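Novice: Supplied in structure tokens, the structure appears directly below.
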Amino acid sequence: MTTTRRTGQLDYTPQVAEATAHVYEKISDLVPEAEWRLQAPLIHEILRLKQEIGAVVLAHNYQVPQIFYGIADFQGDSLGLAQAATEVDEETIVFCGVHFMAETAKILSPQKRVLIPNLDAGCSLSESITVDDVRLLKERYPGVPVVTYVNTPAAIKAESDICCTSANAKAVVESLGVNRVIFLPDEYLASNVQKETDVEVIAWKGRCIVHEQFTVEELRAYREQFPGLVILAHPECSPEVCGEADFVGSTTAMVNYVDRSDAQRVLLVTECSMSDNVQEAHPDKELVRPCTLCPHMKMITLENTLASLRYGRYEVDVPPDVRERAHLALARMLEIGRDD
Ligand code: 13P
Ligand code: SF4
């Protein structure tokens with residue numbers, strides 16, 4: 001039986017229960033009913049406001065299932081969401097991801113209003129390098145092109161020749177037809193690319209605070225405990241951890257791998273909400289789910305997404321001169337597309 005309960009200004013009415021039942025059906029294994037009664041009215045109101053305003057929600061694979069399955073129009077990795085930002089018709093994009101992703105959407109679609117529900121949703125890689133650092137590197141290695149991971153602020157992209165994501169890093173490096181590149185800012189992604197190419201990769205020292213935590217010993221312990229385990233790792237993990245994995249790829253490449261393979265027991269060596277989302281899509285498989293949260297991704301909630309739609313906050317903007325130069329680097333990357 002459905003009852004009514006107060007949740008601030010929004011009620012869990014029979015209409016809300018009915019309108020959101022398809023979402024709860026998908027995520028009920030993860031969300032207790034008591035919690036759902038508080039969240040369903042938020043989801044219902046977000047869906048209503050999206051329509052009223054003409055907004056679209058883009059959500060990264062690391063968003064919690066309530067956002068990923070409940071309110072997102074597009075879900076994906078950094079590359080997929082960057083592509084989606086150029087293709088959507090709606091005037092407003094609400095970005096359920098971190099700041100560099102929303103900024104990328106704004107650079108690629110400057111005519112649209114891009115909102116991020118929490119301006120503090122950053123990224124340790126994005127914070128690991130400054131414009132002065134990039135200029136010093138360019139002085140030190142004159143004429144060597146700069147390949148920049150999208151996990152960077154617009155001003156760093158503007159100093160770069162081309163951007164890449166985890167879905168095309170090697171292809172981007174090799175597209176330049178040179179024998180040396182400066183690759184910023186992820187030290188581990190750079191090492192993982194270096195293992196696969198003859199191009200010399202000059203790296204920076206940035207790290208992802210989530211992926212740097214995984215160790216080879218931990219992965220071996222999981223293999224021992226879970227016979228038949230298939231391990232998929234994100235290339236922001238150390239080269240040793242990636243060497244221990246059965247597959248290495250972007251978050252979407254990992255999702256595709258699980259979709260297409262008959263692996264029954266899977267460990268995703270990445271942020272853990274993604275494992276929840278993949279588990280929901282594959283109830284027949286066993287996702288081993290150690291919890292390694294990205295604190296930045298978790299700054300996006302149903303509550304602040306609703307406030308974002310209601311009050312038009314927080315609008316992401318990029319100064320025109322920075323935008324134009326950053327756009328060149330991103331457009332070159334989009335021409336190469338996906339390579340995983
Ligand atoms: P993807 O582009 O593979 O989704 O990775 C983004 C990210 O931030 C990984 O930590
Ligand atoms: Fe940045 Fe790592 Fe979080 Fe991805 S998981 S947004 S790289 S801190």
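The values are calculated or read from the model by the stated rules, or taken from the named source; none is laboratory data. Keep in mind it's a predicted model, so treat the numbers as computed, not measured. Note: ideal-geometry Cβ built from the backbone for every residue, glycine included; neighbour counts use all protein chains shown. Quick note on the areas: whole protein, heavy atoms, side chains included, nothing else; ligands and nucleic acids left out. Shrake-Rupley method; radii C 1.70, N 1.55, O 1.52, S 1.80 Å.
Novice: Only residues that are touching a residue at least 24 places away in the same chain (Cβ under 8 Å), out of contact with any Gly (no Cβ under 9 Å at 6 or more places or on another chain) and among the hydrophobic types (A, V, I, L, M, F, W, C): list them for the range 255-277, please.
Specialist: V258, V266, L267, L268, V269, M274
Novice: Spot the failing condition for V288; the list is (1) among the aliphatic types (A, V, I, L, M); (2) within 15 Å of P110 (Cα to Cα); (3) surrounded by fewer than 20 Cβ atoms within 10 Å (Cβ to Cβ); (4) in contact with a helix residue (DSSP H, G or I) (Cβ under 7 Å, 6 or more places away or on another chain), and only one is missed.
Specialist: (2)
Novice: Mind listing just one residue for me: the one in the range 105-128 that is open to solvent by less than 10 Å² (accessible area, probe 1.4 Å) and under 24 Å from V147 (Cβ atoms) and, of those, nearest to ligand 1 (Cβ to nearest atom)?
Specialist: Ranking the candidates gives L125 first.
Novice: Every residue in the range 139-153 that is surrounded by 16 or more Cβ atoms within 10 Å (Cβ to Cβ) and more than 16 Å from ligand 2 (Cβ to nearest atom), please.
Specialist: V144, P145, V146, V147
Novice: Given the conditions (1) of a type in the set (A, V, I, L, M); (2) buried (at least 20 other Cβ atoms within 10 Å of the Cβ); (3) assigned to a helix (DSSP H, G or I), and given that L232 satisfies all but one, which numbered condition is not satisfied?
Specialist: The failed condition is (3).
Novice: Continuing with this model, one more query. Find the residue count for the range 59-81, including only residues that are within 15 Å of ligand 1 (Cβ to nearest atom) and either of a type in the set (S, T, Y) or under 10 Å from the mean Cα position of the chain (by Cα) (or both).
Specialist: 12
Novice: Taking into account only those residues within the range 254-271 that are within 16 Å of ligand 2 (Cβ to nearest atom) and assigned to a helix (DSSP H, G or I), which is surrounded by the most Cβ atoms within 10 Å (Cβ to Cβ)?
Specialist: Out of the qualifying residues, it is M254.
Novice: Return the pair list, or none, for Cβ contacts closer than 6 Å from residues in the range 221-240 that are on the phi > 0 side of the Ramachandran plot to residues that are surrounded by fewer than 18 Cβ atoms within 10 Å (Cβ to Cβ), at least 6 apart or on different chains.
Specialist: Listed pairs, sorted by first residue: G228/R265.
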